[in-house]
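One structure is given here, and the rest of the page talks about it.
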């Protein structure tokens, strides 16, 4: 069994696709390979599997790679690959295709995986081929083993607030959130070298001894477990926050987070459609006062 995972990461795409693919890879038997473009801000060097570098996001190039590697299963986790692309690959190679989806787009695949807690299999009725296996909802949510291990540990809460606005944080919201928070709070920040605003963030925090900036951390679960409260995006990291049973505020930063945002709003979780400093101040004040958000 040979599996090829087609996904990209960059300063604009973010790192979430690769991170969840790495979790999925742990559950797949046989040889695992990746196919990625070498985009600016990518985390190709952090992928612990053989990575095949693609020059384009072109179906013909991927088809040639699949044939040369004799791939059995193709995992596609890419917003730039649509149903027509998938059908072209399928017809040329007859490879089994597993497609990630979290925005209810048409797919030409054998297996459809929507691992978000709000996933609704019924919405794919006319979006995938007849006979497509649907893997939707919390039963398929991908949680890294480090979180499962960390949840068993009772750690001292050395941080009041954890900020994790995505590895690339394209909107530079981490800095805006820091400027909004009370300066008395002890804050932990998760970021990566894919963040184009990292140097600006580093300059800001260096004068605040109560702010810890963690870049490319290998201890994300531990840092989360050491924090009392989280400010995150309604994306993959939110599943980890919910798994760790942390109180949080979620701020939507991308259109592909709409579905999760609506789910959180409908279930009365504290969520913001856009970053609003005054709203965040109000929610943080309520949390500090011990009020239910």
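Read-outs: derived from the displayed coordinates by stated rules, not from any lab. These numbers come from a predicted model, not from an experiment. Please note: Cβ atoms are built from the backbone with ideal geometry, for glycine as well, and neighbour counts cover all protein chains shown.
Observations, loosely collected:
- Choice from 215, 253, 75 with maximal GNM fluctuation in the chain (Cα, 10 Å cutoff): 215
- The chain: angle of helix 277-288 to the longest principal axis, Cα-based, in degrees nearest 10: 70 degrees
- Sorted by Cβ density within 10 Å, fewest first, the residues 183, 2: 183, 2
- The structure shown yields mean projected area of the Cα convex hull in nm², and of the options (i) 16.5; (ii) 13.4; (iii) 15.3 that calculated value carries the label (iii).
- Mean ellipticity per residue at 222 nm, deg cm²/dmol - from DSSP H runs of n ≥ 4 across the chain, formula -39500 (n - 2.57): -8500 deg cm²/dmol
- For the stretch 61-191, the normalised intensity computed at q = 0.13 Å⁻¹ comes to -0.77 (log10 of I(q)/I(0), Debye sum over alpha carbons, equal scatterers, no solvent).
- Computed label-point distance, nm, for sites residue 265 and residue 185 using a 7 Å Cα→Cβ extension: 2.3 nm
- Rg and Dmax of the stretch 2-140, Cα atoms only, in Å: 14.2, 38
- The chain: angle of helix 16-25 to the longest principal axis, Cα-based, in degrees nearest 10: 60 degrees
- The length gained on full extension between residue 58 and residue 151, counted as 0.36 nm times the residue separation minus their Cα-Cα distance, comes to 29.3 nm.
- Cα-based shape type of the stretch 171-223, given that a ≥ b ≥ c are square roots of the gyration tensor eigenvalues and the cut on a/c is 1.5: oblate
- Axis of helix 83-93 versus longest Cα principal axis of the chain: the two differ by about 40°, to the nearest ten degrees.
- Fluctuation leader among 185, 113, 198 - the chain, Gaussian network, Cα springs under 10 angstrom: 185
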